[in-house]
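Q: The structure follows.
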Amino acid sequence: MNPLLKKAFRAVNFISGNTMTAEELKKHRKLAEWAGDLATPKGEVEITPFKVGKIRCEAVKPIFAHNPQYAILYAHGGGYVSGGLGYARILSAKMAQATGFTVYSFAYRLAPEHPYPTALEDGIAVWEYLTESLFEADHILLAGDSAGGNLALCLVQKLLSENKPVPRELLLFSPWTDMTGTADSYEKYAESDPILTKKFVMGAAHSYVVEKDLADPAFSPLFGDFSGFPPVYIMAGRNGILLDDSIRLKDRIEESGGTAWLDIEEKGWHVYQQMPISIARHAMRRLSAHVSEEIYGK
């Protein structure tokens, strides 16, 4: 493993350990921003900060081959307890380059200081800003990795429950769909996932969800309603402990009559697309081809 890759692994491996202490949370949040500085592609995107109310946001626009008619709204991962705009820039920049669309990210408030439903409320506020001011809903793709994938799914289920317009499609990277932590992949891939641990996942779940049933569809969207759900493109790594969350999500969507694609990278792990490695580059090319086909190919 080359030195840059070792540094990148060390940086993004903030998603481990105990999230229930102030000291660990401070460490996780600092390393998340460091990961963003280290792994964000440089020189091919233009970054513009803005705010929606008090929510800090960024527009990440590709410098070349920009299509202003479509956009991506992206919710970052980090277990709802860490991550921010710096961390979000890794996938924001990669998605902008892969699709040609401006990617809008936002720094939702974090648990445990701000438990459920604060992050969802922030996501809805940014969604409403984009759809009321800049784009039609069907010209927005909603993306998320890990906890951000959870947030994206919960946001769409809420929009559907209120009979409101939904995104054109969802782009999800190793989404966290079930907070109960009961999937077989937690144990099966515990030694092969270099990024995520079950200890972190369950600590984050209890930080975000206070004194509620973790199986509630409000924050475990796998158990929610997928009737009328927009198409979902899911990318996961074979060696990720949340792999079953992706597999079962595809099954649930298709059982409800929806459309879902599942791209499993045999050599990958949890949100491997963030890393500066060949399988991540190949993954973004596949994402680019998929989005091009869905937007321009019909």
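Every number in this text was worked out from the coordinates using simple rules, so none of it is lab data. Remember, it's a predicted structure, so these values are computed and weren't measured experimentally. Cβ placement follows ideal geometry from the backbone for every residue including glycine, while neighbour counts extend to all protein chains displayed.
Q: Across segment 156-186, what is the number of residues that are within 19 Å of Leu249 (Cα to Cα) and surrounded by fewer than 18 Cβ atoms within 10 Å (Cβ to Cβ)?
A: Adding up the residues that qualify gives 5.
Q: Here are some conditions: (1) surrounded by fewer than 22 Cβ atoms within 10 Å (Cβ to Cβ); (2) closer than 15 Å to Ser146 by Cβ; (3) of a type in the set (A, V, I, L, M, F, W, C). Ile241 meets all but one. Which one does it not meet?
A: Unmet for Ile241, out of (1) surrounded by fewer than 22 Cβ atoms within 10 Å (Cβ to Cβ); (2) closer than 15 Å to Ser146 by Cβ; (3) of a type in the set (A, V, I, L, M, F, W, C): (1).
Q: May I pose another question? Across segment 70-114, which residue is farthest from Val45 (Cα to Cα) among those that are polar (S, T, N, Q) and not in a loop (DSSP other than H, G, I, E, B)?
A: Ser105
Q: Quick one: which of Ala218, Ala205, Ala183 is of a type outside the set (Asp, Glu) and touching a Pro at 6+ places or on another chain (Cβ under 9 Å)?
A: None of the others qualify; the one that does is Ala218.
Q: Can you name the condition, by its number, that Leu171 falls short on among (1) closer than 27 Å to Leu73 by Cα; (2) in contact with a helix residue (DSSP H, G or I) (Cβ under 9 Å, 6 or more places away or on another chain); (3) among the hydrophobic types (A, V, I, L, M, F, W, C); (4) assigned to a loop (DSSP other than H, G, I, E, B)?
A: So the condition that Leu171 fails would be (4).
Q: When only residues in segment 142-186 that are in contact with a strand residue (DSSP E or B) (Cβ under 8 Å, 6 or more places away or on another chain) and charged (D, E, K, R) count, which is nearest to Ala215 (Cα to Cα)?
A: Asp145
Q: What is the number of the single condition among (1) over 24 Å from Phe219 (Cβ atoms); (2) in contact with a strand residue (DSSP E or B) (Cβ under 8 Å, 6 or more places away or on another chain); (3) of a type in the set (Phe, Trp, Tyr) that Phe106 does not meet?
A: (1)
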